[in-house]
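Okay, so here's the structure we're looking at.
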Amino acid sequence: MQFWVFITDFGDSAVTLTLAAMALVWLGVAAHARSAFWIWGGGIAACGLIMAGLKLLFRSCGHHWIDQVTSPSGHTAMSAVVYGGLVLLAGRGAGRVPQALLLLAVLALVAVIGVSRVVLNVHSLPEVLIGLAIGTGVTLLMQRRLAGGPPVAGVGWLLGGALILAAALHGAHWPVEVEIRALAAWISDSFPACR
């Protein structure tokens, strides 16, 4: 089980949101990256808001709608959009082989993070698939918007910093899910239709 805990910790909000913020700051100061800054920030915010909304909806009122779905996997969604987005930024201006290798690495990472959520009995397979669909969908929208733009200056430093930051924050846990559960419980108690 320790292997799966080790893997799942790379998808915790302490890691993914900090990486997202670091990349946003990088894009904010990088030359010729203004559009990438807005696309990145918008994509990360959209994915986070969609997942928070779905978690609140299903935990408070929607748990009767779909079997085995009470809380779609935020670890999977945010891993797909953050790690996938970093690959999109790194791939701008890179050759096909480096792009393909980076894409395969991220696909493998996101897949094992999703599997870890099921193995650790934190989420059901449908919950992981919902998170994967949302994270992948947002990443694909970001890719369409980023296509054809200039390469981001110093992207190697960005990726190096991301690796160091992910390693430093690995094992840290933010209480995002606890707060969502508390808010969902309040919504459920406040609205009789949700009980």
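List of remarks:
- Summing charges over all other residues whose Cβ lies under 15 Å from the Cβ of residue 41, with Lys and Arg as +1 and Asp and Glu as -1, gives +2.
- In this Cβ point-charge picture (+1 for Lys and Arg, -1 for Asp and Glu), region 7-110 has a dipole of about 300 debye about its Cα centre.
- Label-point separation in nm, residue 52 to residue 104, each point 7 Å along Cα→Cβ: 3.8 nm
- Here 6, 37 are placed in order of increasing Cβ neighbour count within 10 Å, fewest first, which gives 6, 37.
- For the chain, built as a Gaussian network whose Cα springs stay under 10 Å, the top-fluctuating residue of 123, 75, 32: 32
- Our summary gives the chain a relative contact order of 37 percent, counting only alpha carbon pairs under 8 angstrom and 6 or more residues apart.
- At full extension, residue 2 and residue 21 could sit 4.0 nm farther apart than now, given 0.36 nm per residue minus the alpha carbon distance.
- Peptides 22-30, 155-163 ordered by average Cβ neighbours within 10 Å, highest first: 22-30, 155-163
- Using the Cβ of residue 114 as centre and a radius below 15 Å, the other residues enclosed give a net charge of -2, where K and R count +1 and D and E count -1.
- Against the chain, whose longest principal axis is taken from its Cα atoms, helix 34-57 shows a tilt of about 10°.
- The chain - mean residue ellipticity at 222 nm from DSSP helices (-39,500 (n - 2.57) per run, n ≥ 4, rounded to 500): -24500 deg cm²/dmol
- With a cut-off of 15 Å between beta carbons, the residues surrounding residue 89 carry a summed charge of +4, where Lys and Arg count +1 and Asp and Glu -1.
- Fraction of C-alpha pairs exceeding 20 angstrom in the chain: 55 percent, rounded to a whole number.
- The residue list 3, 113, 85 was ranked by how far each Cα lies along the charge dipole of region 2-194 toward its positive end, using unit charges on Cβ atoms, and 85 comes out on top.
- Take each peptide in 166-179, 76-89, count the other Cβ atoms within 10 Å of every residue, and average; sorted highest first, the result is 76-89, 166-179.
- Principal-axis tilt of helix 13-29 within the chain, Cα atoms, nearest 10 degrees: 40 degrees
Each reported figure results from applying straightforward, stated rules to the coordinates on display, with no laboratory input. Bear in mind that the values here come from a model prediction, so they are computed numbers and not experimental data. Cβ coordinates were reconstructed from backbone atoms using ideal geometry, including for glycine residues, and neighbour counts include every protein chain displayed.
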